[in-house]
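Right, one structure below, let's go through it.
The values are calculated or read from the model by the stated rules, or taken from the named source; none is laboratory data. Owing to the predicted nature of the structure, the values given are computational and were not obtained by experimental measurement. With ideal geometry, Cβ positions are generated from the backbone for all residues, glycine too; neighbour counts draw on all protein chains shown.
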Amino acid sequence: MLEVDAINSFYGQSQVLFDMSLTVNDGEVVTLMGRNGMGKTTTIRSIMGLTPARRGTIRFKNKEITAQSPYRIARLGIGLVPEGRLISPNLSVEENLIATANSGPAGTGRWDIAAVWNMFPKLRERKNSMGNQISGGEQQMLAIARALMTNPELLLLDEATEGLAPLIRQEIWYCLRNLKEEGQSILVIDKNMQALTDIADRHYIIEKGSVVWEGTSRMLLKDDAVKHQYLGI
């Protein structure tokens, strides 16, 4: 579904990604892990066209999207849950969802307001609250729900549970497990290795803008040297 092939991305003259490569297959949950400042968010931004790659290629469903505008990439079927959530504070919870609603690239997407309320009953209870009146956990649920309302074929989550209380984290992981069971393709960044290895099919570890390790959950759990060297565990 997604193929990132040897991309190089920069902020001004400062290079952040060095021949960064990864793939996400249809129905897979794939993680991108590594210490802070290693290029994980830049990888997500490059996929979405927010920090365009200067070299290398990015393909989505066999179509090159490297030079596409972010809104065109979103229309092709990639939904983003950004770091920091970026909820519109002056819109209600329901209005935040309606603002992004789309039937998806095939026009047959199943995510609408009713489906979101069913997945996130807490949001239904707060549907008339403004975006800046709900808790951080509720904002993260709203950010995920907002992305789902675009009916994406691939969901990107940058720092899925950062700064959230343990109970809220559990709800987020429960949501992602449900999405996986429904066949949703997901690329997720997070620091919770135990939760990630429970849910994901494959993992990439990034160090200084390049992949230094990739493999399955079983392989990662057994490799103490890799966990210590690149994840600080």
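Looking only at region 192-217, count how many residues are within 16 Å of THR43 (Cα to Cα) and of a type outside the set (Ser, Thr, Tyr). Number satisfying all stated conditions: 10.
Answer yes if at least one residue in region 8-26 is more than 15 Å from VAL212 (Cα to Cα), assigned to a loop (DSSP other than H, G, I, E, B) and touching a Leu at 6+ places or on another chain (Cβ under 7 Å), and no otherwise. Within region 8-26 (the criterion being more than 15 Å from VAL212 (Cα to Cα), assigned to a loop (DSSP other than H, G, I, E, B) and touching a Leu at 6+ places or on another chain (Cβ under 7 Å)), the answer is no, since none of the residues qualifies. Among the residues making up region 137-163, a single one is assigned to a helix (DSSP H, G or I) and β-branched (Val, Ile, Thr): ILE144. Screening region 169-197 for residues that are acidic (Asp, Glu) and either farther than 26 Å from PHE60 by Cα or within 13 Å of the chain's Cα centre (by Cα) (or both) and picking the one that is surrounded by the fewest Cβ atoms within 10 Å (Cβ to Cβ) gives GLU171.
ILE206: modelled with pLDDT of 95 or more, more than 28 Å from MET119 (Cα to Cα) and not in a helix (DSSP H, G or I), yes or no? First the steps, then the outcome.
Values: modelled with pLDDT of 95 or more: yes; more than 28 Å from MET119 (Cα to Cα): yes; not in a helix (DSSP H, G or I): yes.
Here the answer is yes, as ILE206 does meet what is asked.
Counting only residues that are in contact with a Phe, Trp or Tyr (Cβ under 9 Å, 6 or more places away or on another chain), crowded, with 18+ Cβ neighbours inside 10 Å and in a loop (DSSP other than H, G, I, E, B), region 27-46 holds 3 of them.
Pick out the one residue from ILE65, ILE58 that is surrounded by 14 or more Cβ atoms within 10 Å (Cβ to Cβ) and either in contact (Cβ under 8 Å) with a residue 24 or more places away in the chain or on the phi > 0 side of the Ramachandran plot (or both). Don't jump to the end; show me each part of the working.
Working: ILE65 fails: either in contact (Cβ under 8 Å) with a residue 24 or more places away in the chain or on the phi > 0 side of the Ramachandran plot (or both).
Result of the check over ILE65, ILE58: ILE58.
Within region 100-131, the set of residues being in a helix (DSSP H, G or I) and at pLDDT below 90 comprises THR100 only.
Of the listed requirements (1) over 19 Å from the mean Cα position of the chain (by Cα); (2) at pLDDT 95 or above; (3) part of a loop (DSSP other than H, G, I, E, B); (4) small (Gly, Ala, Ser), GLY49 misses just one: (1). Among the residues of region 202-224, is any of a type in the set (Asp, Glu), free of Cβ contacts under 8 Å to residues at least 40 places away in the same chain and farther than 17 Å from GLY27 by Cα? Scanning region 202-224 turns up at least one residue that is of a type in the set (Asp, Glu), free of Cβ contacts under 8 Å to residues at least 40 places away in the same chain and farther than 17 Å from GLY27 by Cα.
One line per residue, one yes/no per condition, for (1) closer than 27 Å to ASP19 by Cβ; (2) β-branched (Val, Ile, Thr):
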| residue | (1), (2) |
| --- | --- |
| ASP158 | yes, no |
| PRO166 | no, no |
| GLU181 | no, no |
| ALA195 | no, no |
| ASP198 | no, no |
| ILE205 | yes, yes |
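Yes or no: region 89-97 includes at least one residue that is of a type in the set (Ser, Thr, Tyr) and assigned to a loop (DSSP other than H, G, I, E, B). No: region 89-97 contains no residue that is of a type in the set (Ser, Thr, Tyr) and assigned to a loop (DSSP other than H, G, I, E, B).
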